[in-house]
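K.L.:
Before I ask anything, let me first share the structure, which is written out below as structure tokens.
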Amino acid sequence: MLEAISRSATKILATAGAVGQVDALCSFASIAGRNRYVRASLSDAAEIVIEDGRHPVIEAIASERFIPNNTEIVRDGNGIQIITGPNMGGKSTYLRQVALIVLLNQAGSFVPAASARLGIFDRIFTRVGASDQLARGESTFMVEMHETANILHNATDRSLVVLDEVGRGTATFDGLSLAWAIIEYLHDHPTRSGITLFATHYHEVTDLAKTKSRVANFNVAVKEWNDQIIFLRKVVPGAADKSYGIQVAKLAGIPSSVIDRAREILATLERKERDLVEETRGHAPSHQLSLFDSRERDVIDALRILQPEAMTPIQALNELQRLKEKLEK
Ligand SMILES: Nc1ncnc2c1ncn2[C@@H]1O[C@H](COP(=O)(O)OP(=O)(O)OP(=O)(O)O)[C@@H](O)[C@H]1O
Ligand SMILES: [Mg+2]
């Protein structure tokens, strides 16, 4: 019997292949019909234009109603999009949604959107999520960098590159510097600058849009209300300025004493950063400002709120003397 089967092996395999193909196409058709997918029109350009795109898995399983988003990326115009916004805002979902729509289209399926015009990509490169390979001797950050290195070596200008928070696995300044340099590389490289989506909490990198013509900023909208945040899930043009990490931690049930302490630390860090910025801009002579000297801090704070116009000359003189003594203590 085995002999008989092996004589017909080619035919059996061809039939199995054909049945598999019909099965896949029927699945595409039934999912497309059930979930209101549409046929994308194909474009010769390196572009992704999607109206009301959705994430096929999240929309099927999420308890809240899925909010669709538009996408308009043309490689030579705004081909590198930096997406900022709060934790839990929907950045990763949006990135994967765009990649999945491109993937489904190239696999021959309809796509979850109201309409779409899609270029053809030679590869979809992704660097998303955080995982390690301890058994293979790779830490979380090492895996992240390995995957990113592979992308930077192999992407072409017809590739779609999706990078989700690359650089977050290390110290802030190292991570930020890496994120910045990676975006510059993908922007400037003569043959590796395909369409790139880059989600990040390093808001500093949004400055790249000022100097790099193909870099555009987008953010996931959020509304603040009574110290609460409402996630709007809409991707809108422009850069975000906050991550709302502490509010999201509170939502997740971190003890309130930890949240309050984190708020205090954040306020101190933000004040230091503001001063550092002022210092580097030359608003304050640097020898007056030591970030870690609380006496100097107090004197500067006192000067800030001082109202000379409301003081008599003798009061002003006394205050000056008091501040000087404070510094010399
Ligand atoms: N467009 C959307 N409509 C409805 N729900 C959404 C949408 N986008 C995201 N969500 C929900 O919000 C959750 C968080 O989204 P996501 O992980 O994309 O946020 P994020 O911005 O990447 O957050 P983080 O900065 O913490 O990584 C998702 O698990 C999903 O349930
Ligand atoms: Mg995310």
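K.L.:
Give the angle, between 0 and 90 degrees and rounded to the nearest 10, that separates the Cα long axis of helix 9-34 from the longest principal axis of the Cα atoms of the chain.
P.N.:
Relative to the chain, helix 9-34 is tipped by roughly 50 degrees.
K.L.:
Next question, about the same structure. Under 15 Å Cα-Cα from residue 11, which aspartates and glutamates qualify once same-chain neighbours fewer than 8 residues away are excluded?
P.N.:
Filter leaves 3.
K.L.:
Placing unit charges on C-beta atoms (Lys and Arg positive, Asp and Glu negative, everything else neutral), compute the dipole magnitude of the chain about its Cα centre in debye, rounded to 20.
P.N.:
With only Lys, Arg, Asp and Glu charged at Cβ, the dipole is about 880 debye.
K.L.:
Please list, ordered by chain and number, the residues whose modelled amide H lies under 5 Å from the amide H of residue 53; skip anything fewer than 5 residues away on the same chain.
P.N.:
So residue 53 has HN proximity to 69, 70, 71, 114.
K.L.:
Net charge around residue 218, counting only other residues with Cβ within less than 12 Å of its Cβ (Lys, Arg = +1; Asp, Glu = -1)?
P.N.:
Result for the local shell: +1.
K.L.:
While we're on this one: How much accessible area per residue does the chain have, in Å², with a 1.4 Å probe?
P.N.:
Here the per-residue accessible area is 59 Å².
K.L.:
Pop out the ³J(HN,Hα) list for segment 56-65 in order, Karplus 6.51 cos²θ - 1.76 cosθ + 1.60 with θ = phi - 60°, rounded to Hz; leave Gly and Pro as x.
P.N.:
x, 8, 4, 5, 7, 10, 5, 7, 7, 5
K.L.:
Using r as the Cβ-Cβ distance of residue 26 and residue 329, and R0 as 56 Å, what FRET efficiency do you calculate, to the nearest 0.05?
P.N.:
Approximately 0.10, to the nearest 0.05.
K.L.:
Kindly flag which residue pairs out of 212/272; 91/242; 212/234 have an alpha-carbon separation exceeding 20 Å in this structure.
P.N.:
Exceeds cut-off: 212/272; 212/234.
K.L.:
Aspartates and glutamates within cross-link reach of residue 326: Cα-Cα under 20 Å, excluding same-chain residues under 8 positions apart?
P.N.:
Once the sequence-local aspartates and glutamates are set aside, what remains near residue 326 is 293, 296, 298, 301.
K.L.:
Another one. Evaluate E = 1/(1 + (r/R0)^6) for residue 306 and residue 130, where r is the Cβ-Cβ distance and R0 equals 45 Å; express this FRET efficiency to the nearest 0.05.
P.N.:
0.40
K.L.:
Report the full-extension gain for the segment residue 72 to residue 106: residue separation times 0.36 nm, less the Cα-Cα distance, to one decimal in nm.
P.N.:
Residue separation times 0.36 nm, minus the Cα-Cα distance, leaves 10.4 nm.
K.L.:
Now for a separate question. Of 60, 135, 238, which is farthest along the charge dipole of the chain in the positive direction, counting Lys and Arg as +1 and Asp and Glu as -1 at C-beta?
P.N.:
Towards the positive end, the residue furthest out is 60.
K.L.:
Return a whole-number percent for the relative contact order of the chain, with Cα pairs under 8 Å and 6 or more residues apart as the contact set.
P.N.:
Rounded, it is 18 percent for the chain.
K.L.:
Something else: Lys and Arg at +1, Asp and Glu at -1: add these up for the other residues within a Cβ distance under 13 Å of residue 30 and post the number.
P.N.:
Every neighbour counted, the sum reads +1.
K.L.:
Of the heavy-atom accessible surface of the chain (probe 1.4 angstrom), what whole percent is carbon and sulfur?
P.N.:
Roughly 57 percent of what the probe reaches on the chain is carbon or sulfur.
K.L.:
Stretch residue 262-residue 177 to full length: gain in nm at 0.36 nm per residue minus the Cα-Cα span?
P.N.:
Using 0.36 nm per residue and subtracting the Cα-Cα distance, I get 28.1 nm.
K.L.:
Then there's this: By accessible area of protein heavy atoms, probe 1.4 Å, what ranking do 1, 142, 88, 311 get, highest first?
P.N.:
Most to least solvent-accessible, the answer reads 1, 88, 142, 311.
The values are calculated or read from the model by the stated rules, or taken from the named source; none is laboratory data. Being a predicted model, the structure only gives us computed values, none of them experimental. Neighbour counts are summed over all protein chains in view; Cβ atoms, including those assigned to glycine, are modelled from backbone coordinates with ideal geometry. For accessibility, only protein heavy atoms count, side chains too; no ligands or nucleic acids. Shrake-Rupley method; radii C 1.70, N 1.55, O 1.52, S 1.80 Å.
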